[in-house]
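Each remark here refers to the structure printed beneath this line.
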Amino acid sequence: MNYDLAKKIILPMFVFGALILVWSWTASKVESFPTPADTYIAAFGGTTSAGDEMKGVLSDPFYVENEDDKGIFWQIVASLERVFMGFGLAILVGVPLGLIIGMSKEAQYAFDPFIQVFKPVSPLAWLPLLLFIFQDINMTAVSTIFVTSIWPIIINTTLGVKNVSPDYMNVAKVLRFTPIEKVIKIILPVAVPFIFTGMRLSLGIAWLVIVAAEMLTGGIGIGFWIWDEYNNLNYYNIIIGIIMVGFIGFLLDLIMGKIADFFDYRKRGRA
Amino acid sequence: MAEQRFLQLENIEKRFPIPGKEDYIAVTDVDLEIKQNEIISIIGHSGCGKSTLLNMISGLDAQTEGYIFLLGKEVKGPGPDRAVVFQNHSLLPWLSVYQNIEMAVKKVMPELSKKELKERVEKFITMVNLDHAKDKLPDEISGGMKQRVGIARALAIKPKVLLMDEPFGALDSLTRANLQEHLMRIQQNVQNTVIIITHDVDEAVLLSDRVIMMTNGPEATIGEILEVNLPRPRNRVELQHDPEYIRCREAILSFLYEKFAKEDE
Ligand SMILES: Nc1ncnc2c1ncn2[C@@H]1O[C@H](COP(=O)(O)OP(=O)(O)O)[C@@H](O)[C@H]1O
Ligand SMILES: [Mg+2]
């Protein structure tokens, strides 16, 4: 109903108003904390309350001054590239591994203890080790994301395989399907929605982790940018960075959700 | 030379290992010969080992002792010569009615051309009167229709034996009657060897040439075998007063509820 839609638009407005109030109050209490108005100007350009002329981080996101000074768009692109590299590698390794673990008790016995032990380790704990191995910021960030992403993918793929009803496998047996046919025609259709759930979880965590990882590795990327703005005392940019990270994370989740639904036979072709 | 026997069970026994205990002997001493194009039903109280027996014939489970021969060849493992209609239909929910049958035919008859494949799939869809539903997904059709697809899928791969484990057990009685009619009509047109598990006395008499009655487990075995000497086609309404039908019914009822009554049912 339209009435419901109106509520969906108006109610968040109240919360937004409350947030602005809390923010303004914080700004009045904390020395040199940017006000909402100054932050807005820092984002979209203008003259701040202190009389500084601002170009606006979001008004000019594409500028490239030099290798170390690029607009926020390039920072985000750098982070996304790392996330998708690490995430892609994790899919390439995690899905087949998850299929094998799900299909073979022996593989499950072999791998499960390690998954249980490594899964709870914060990916950032790996970072120093990876930095030491690769001696390269990009490789370190990508491999950190790989370590982050792989566990939910393996676990959910395995779960998907376990969800294949024994009845379907009996059909496959009567028809004498080869192992490959079993995977393609029976297991994957059941497991794919689970795999996408795992991928969606992974991508969400990867986006959380990349910000922290880049703060540690430095160079380029939205995480490093936020940290750098802190060091430059540009506190308003931290807030802009946080909001941008939030929006991108939200978009990533939305897109993954749509892709997941597309591959889920239970949600496809439903009127 | 003696005529070759069709399907033969010799001295079958199935034991299930129970951790920390002695094996559970589900069925034992089963000897049975089934002729080509015969319709056999297996009846017995629940838990007596009917599914166990059928699973051994289908090869989905292996017997502990004994041999099963189909046309003189020992049966080892499942195969399309013994198609199974499962109680819960087991259609793949992401494939349409047509695709479910096509997948099976394609695998079992890879030599068919595209056109022949299509014709064969459609022929069997027509056989179970599902032309109007051929592009529907299993979740979009009724339980009875799903079971008909299951039957079409099983028959389309031209099995030597059709195995059915309580195929209509989950359906209401009207739908069940409807499916029994379907099965009899199909059988009238295309002769098949059918083994059907049931716990429904009327279903057993109506459909079968012989009814195998199983004793209760553990160590269940064949108690009696009843010949149903009723001509085909059979009409369920007319049969109600047929002396042979009544005799068969009584024989089964007496076996199940007098000789081998089960307390906890
Ligand atoms: N995998 C198994 N392990 C142990 N016992 C089993 C197993 N499968 C079946 N049984 C037992 O064998 C008996 C026969 O089972 P089943 O063939 O399913 O009976 P029915 O189909 O006649 O109802 C039951 O007592 C059941 O508990
Ligand atoms: Mg059973």
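Worth a mention:
- Sorted largest first, the spans of the alpha carbon positions of the protein assembly as shown along the three principal axes are 108, 56, 54 Å.
- The order of A:188, A:233, B:53, going from fewest to most other C-beta atoms within 10 Å of their C-beta, is A:233, A:188, B:53.
- Within the same chain, aspartates and glutamates fewer than 8 places from residue B:107 are excluded, and of the rest, those with a Cα less than 15 Å from its Cα are A:181, B:81, B:116.
- Remark: the stretch A:171-233 carries a charge dipole of roughly 800 debye about the Cα centre, counting +1 on each Lys and Arg Cβ and -1 on each Asp and Glu Cβ.
- The modelled label-to-label distance between residue A:259 and residue A:162, using points 7 Å beyond Cα along the C-beta direction, is 2.5 nm.
- Cross-link partners of residue A:7 among lysines, defined as those whose alpha carbon lies under 27 angstrom from its own and excluding same-chain residues fewer than eight positions apart: A:258.
- Convex hull volume of chain A per residue (C-alpha atoms, cubic angstrom): 183 Å³
- Spatial separation of Cα centroids for the stretch A:59-130 and the stretch A:179-211, in angstrom: 14 Å
- The angle between the Cα long axis of helix B:114-127 and the main principal axis of chain B comes to about 50°, on a 0 to 90 degree scale.
- Folded to 0 to 90 degrees: helix A:72-103 orientation relative to chain A principal axis, Cα: 20 degrees
- When A:59, B:58 are arranged by Cβ crowding within 10 Å, least crowded first, meaning fewest neighbours, the order is A:59, B:58.
- For the pair residue A:129 and residue A:230, a Förster radius of 22 Å applied to the C-beta separation gives a FRET efficiency near 0.25, rounded to the nearest 0.05.
- The separation of the stretch B:82-138 from the stretch A:221-271, counted between C-alpha centres, amounts to 45 Å.
- C-alpha long axis of helix B:173-189 to longest principal axis of chain B, angle in °: 80 degrees
- Among A:118, A:132, B:86, the ranking by other beta carbons within 10 Å of each residue's beta carbon, starting with the fewest, stands as A:132, A:118, B:86.
- GNM result for chain A, Cα springs below 10 Å: residue of A:61, A:166, A:96 fluctuating most strongly: A:166
- Long-range Cα-Cα pairs in the stretch A:206-257 (distance over 15 Å), rounded percent: 47 percent
Where a number appears in this text, it was derived from the coordinates with a stated rule and is not lab data. These numbers come from a predicted model, not from an experiment. Please note: Cβ atoms are built from the backbone with ideal geometry, for glycine as well, and neighbour counts cover all protein chains shown.
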